[in-house]
Amino acid sequence: MTSTPWAPRDTAEASDAPVTPHLPDPPDVFDPRQYADGVPHAAYRALRDHVPVAWQEEREVLGWPAGPGFWAVTRHADVVRVLKDSATYSSCLGATQIRDPAPGDLPFIRRMMLNQDPPDHGRLRRLVSRAFTPRRVGQFEAVARERARALLGRAVEEARAGDGTCDLVGAVTDDYALLNLADLLGVPVRDRGLLLDWTRRVIGYQDPDEAGPTTAGADGKPVDPRSPAMLRDMFEYAHQLAVLKKNHPADDVMTTLAADPELAPEELEMFFFLLTVAGNDTVRGAAPGGLLALAEHPDAYAALRAGRVGLDTAVDELLRWHPPVLTFRRTAAVDTELAGRRLRAGDKVVVFHASANRDERVFTDPHRLDLGRAPNPHVSFGDGPHVCLGAHFARLQLRVLYEETLRAAPALGTAGPPRRLVSNFINGLKSLPLHLT
């Protein structure tokens, strides 16, 4: 290990990394701008092989101020360990994004289930789980299938009327994810565009194309899109929608939540925020990534279309290949050790899902797309107490979309490079030009 440029000099020196990192030029996997060129798998592998828990500088980027730095966790076993051990690695202390929220905003952000630890997290998760019944998710399949078929049909017609190509993000996947979520939540048709606007504001804030004009605070720095000031319109809408559902109940998630006497109004508003953003962007990120992988691997697409591999294993392999979420942050609650590195209470600890999914210690030939891969212990939906609540719903949507794509397009091919989101959090595609033949 000492012969590699990224290895710590020795354990004693490495233990002081938050103050004196002593890591000679480890690959930078923080800067969100590099993700516009693709997931940095070579850098991830260098870290996995030589410094699986590596100190990362948190430099000023795109007007956002510098931070104190964090530990990047890149091996599968260590990622799972962090995600499962909420007593050591807290979601509540500093929330779950790499960038620290403003101290004054932290109590507000901690009201979200995503940013809580057991037992508070468990109570809220049980409450919202009541709304995601197997019956509700199962009966949604017919709606999702009809929507996928209609969107893909129009995309194929557009391609035929033009040069044979179509942007699948603009024509299919954005609307597919958004309209499915709106149906599940019970958002009226006239208001559904608001969901995409809010998602872009919160998830795409690092990308000038998605975030729109930057709002500056009194200090001239950008205002965090997770702050109460920037979310006031979303929370006001959630309150109004809850009132509507109490007066006019329907078979949807917001009706169930609004009628739950154990759920405080501010908790319901936070659930709406979480479901709107996470529920939309999980499928919005995964769907075009999976279609891109199939277009880049025509033999795999042909095998799937011929039935030589099953859709269920294919969905999980495409999720492993293109996880919708790149990173999640925890905060060390106590002094601890991880992969031979000493971490101090208060250190930021960031798990890298896309790196864990390509870990050679867990996956045979991980850089090969294998639609029949089994077992497939990817961490694209997380692990531990915070494993994605809507994973079943997301898998259903992806399976239906891929199945309808197989019907609509005998072959897929790339018609140009995709445009990727500037983000070290969401593995997003802003456009995906494909040949539809």
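The values are calculated or read from the model by the stated rules, or taken from the named source; none is laboratory data. From a predicted model like this one, the values you see are computed outputs, not experimental measurements. No Cβ is skipped: glycine too gets one built from the backbone with ideal geometry, and neighbour counts run over all protein chains shown. The area values use the complete protein model at the heavy-atom level, side chains included, leaving out ligands, DNA and RNA. Shrake-Rupley method; radii C 1.70, N 1.55, O 1.52, S 1.80 Å.
Figure note: E58, E269 ranked by solvent-accessible area, largest first, 1.4 Å probe, ligands and nucleic acids not counted: E269, E58.
Note on S431 and E266: their simple-model spin labels are 4.4 nm apart, each label 7 Å out from Cα toward Cβ. Residue by residue, the stretch 230-235 carries 3J(HN,Hα) couplings of 7, 10, 4, 5, 5, 6 Hz when phi is fed to the Karplus relation 6.51 cos²θ - 1.76 cosθ + 1.60 (θ = phi - 60°); x denotes Gly or Pro.
Between R344 and R154, the FRET efficiency from the beta-carbon distance, with R0 = 51 Å, is close to 0.40.
Taking θ as phi - 60° and the Karplus parameters 6.51, -1.76 and 1.60, the scalar couplings of the stretch 100-110 work out to 5, x, 4, x, x, 8, 4, x, 5, 5, 5 Hz in sequence order, x denoting glycine and proline. Amide H contacts of V349 (H built 1.01 Å from N, in plane; Pro and chain starts excluded): W71, R330, T331, A332 sit under 5 Å, all sequence-distant by 5 or more or on other chains. Heavy-atom accessible area, probed at 1.4 angstrom with all protein chains present, ranks R226, R59, R308 as R308, R59, R226, highest first.
Taking a point 7 Å from the Cα of V243 along the Cα-to-Cβ direction, the residues of the stretch 163-196 with backbone N closer than 17 Å to it are 188. Computed from the C-beta positions of D312 and R192 and an R0 of 30 Å, the FRET efficiency is 0.50 to the nearest 0.05.
Sum up the charges of everything whose Cβ sits under 14 Å from the Cβ of E403, counting Lys and Arg as +1 and Asp and Glu as -1, but leave E403 out.
+3
With the convex hull constructed from alpha-carbon coordinates only, the stretch 120-196 shows a mean projected area of 6.6 nm² over all directions. What FRET efficiency would be calculated for the residue pair A42, R126, taking the C-beta separation as r and a Förster radius of 45 Å, to the nearest 0.05? Plugging the Cβ-Cβ distance into 1/(1 + (r/R0)^6) gives 0.60.
In the stretch 296-360, the alpha-carbon atoms span a convex hull of 112 Å³ per residue. Considering only V128, P40, A286, and ranking their Cα positions along the charge dipole of the chain that arises from unit charges at the beta-carbon of Lys, Arg, Asp and Glu, the one farthest toward the positive end is V128.
Length gained on full extension, D49 to Q34, computed as 0.36 nm times the residue gap minus the Cα-Cα distance: 3.3 nm. In the chain, the calculated helix contribution to ellipticity at 222 nm averages -13500 deg cm²/dmol per residue, counting -39,500 (n - 2.57) for every DSSP H run with n ≥ 4.
According to the Kirkwood relation over distinct C-alpha pairs, the hydrodynamic radius of the stretch 40-121 is 14.4 Å.
Under 25 °C and 0.890 mPa s, how fast does the stretch 241-341 diffuse according to Stokes-Einstein, given a Kirkwood radius computed over C-alpha pairs? Answer in µm²/s, whole number. Can you show the working numbers first?
Numbers: Rh = 17.6 Å.
The estimated diffusion coefficient comes to 139 µm²/s.
Taking the inverse of the mean reciprocal distance over all distinct Cα pairs, the Kirkwood hydrodynamic radius of the stretch 337-437 comes to 17.2 Å. With the convex hull of the Cα atoms taken as the outline of the stretch 77-225, the averaged projected area works out to 13.4 nm². Diagonalising the gyration tensor over the Cα atoms of the stretch 284-405 and scaling each eigenvalue by 5 before taking the square root yields semi-axes of 32, 16, 11 Å, largest first. Counting only the Cα atoms, the chain fills a convex hull of 141 Å³ per residue. Candidate cross-link partners of K348 among the aspartates and glutamates, defined by an alpha-carbon separation under 14 Å and a same-chain spacing of 8 or more, comprise E57, E58, D100, D335, E337.
Summing +1 for each Lys or Arg and -1 for each Asp or Glu among the other residues whose beta-carbon sits under 11 angstrom from that of L257 gives -2. Oblate is the label for the stretch 346-397, because the ratio a/c of its alpha-carbon gyration tensor axes (a ≥ b ≥ c) is 1.5 or higher and a/b is not greater than b/c.
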